[in-house]
Amino acid sequence: MKPKTLFYIGMISALLLAAGAACGGDDDGGGSSPTPSETSTPRASRQADFPDGFPEGFPLYPGAAYEQGLRYESQVVVLFTAPDVRSMVADFYRERLQAEPWTLASEMAISNNQTLLLTFRNEADGGRGTVSLSVGAPGAGTTISIIFALPGFGESSPSDTPTPEPSDSR
């Protein structure tokens, strides 16, 4: 995926994080929940390639291949491809993002139900982010984009907040 596309995915996700969007979404119609594929490189070797800011211990879909990761000023974006259909990948993240320290905050389908966004929080450290699951071409599996807001993104401290000054309106 091109860096410009990553940027747009990241920006959409950041806006959704900031807005706290919460909608129900439909998956791609998968009925049963087979076991995810187990064909990827072990997580330990992929973790070393991730950009700084990717949280240790975040659940990674088994069988997903690491594609690339980028760090922006306000977020980290990491892309994977999974050989399985989106409904299987979504079920994995729905389950894992409801186990401590993670909390699934919302779910929303966009782009004619071609993309599913799952927003989450880390209750232990206050981290938050979005897992975006996009349907690939027929037989191509699922694209997984994981976007984490870096500490301080969307927050302001008292020193960053301008102090209103009285105006002389006579």
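Worth a mention:
- Of all residues making up the range 50-69, the number that are crowded, with 16+ Cβ neighbours inside 10 Å, in contact (Cβ under 8 Å) with a residue 60 or more places away in the chain and either touching a helix residue (DSSP H, G or I) at 6+ places or on another chain (Cβ under 9 Å) or not small (Gly, Ala, Ser) (or both): 5
- For the range 77-99, the set of residues classified as hydroxyl-bearing (Ser, Thr, Tyr) and closer than 16 Å to ALA65 by Cβ consists of THR81 only.
- Taking the criterion of being under 12 Å from PRO62 (Cα atoms) and not small (Gly, Ala, Ser), the residues of the range 82-95 that qualify are PRO83, ASP84, MET88, VAL89, PHE92, TYR93.
- Criterion: at pLDDT below 90 and in contact with a Gly (Cβ under 9 Å, 6 or more places away or on another chain) - qualifying residue of PRO164, PRO151, PRO101, PRO158: PRO151
- The range 72-96 residues that are among the hydroxyl-bearing types (Ser, Thr, Tyr), paired with ones that are surrounded by 17 or more Cβ atoms within 10 Å (Cβ to Cβ) and not in a loop (DSSP other than H, G, I, E, B) (beta carbon under 6 Å, 6 or more apart): THR81/THR143; TYR93/LEU118; TYR93/VAL131
- Subset of the range 130-148 that is on the phi < 0 side of the Ramachandran plot, of a type outside the set (S, T, N, Q) and surrounded by 15 or more Cβ atoms within 10 Å (Cβ to Cβ) - its residue that is modelled with the lowest pLDDT: GLY136
- Flag for ASP27 being modelled with pLDDT under 90 and in contact with an Asp or Glu (Cβ under 9 Å, 6 or more places away or on another chain): yes
The values are calculated or read from the model by the stated rules, or taken from the named source; none is laboratory data. Note that the structure is predicted; figures quoted are calculated from it, not measured. As a convention, Cβ positions derive from the backbone with ideal geometry for all residues, glycine included, and neighbour counts pool all protein chains shown.
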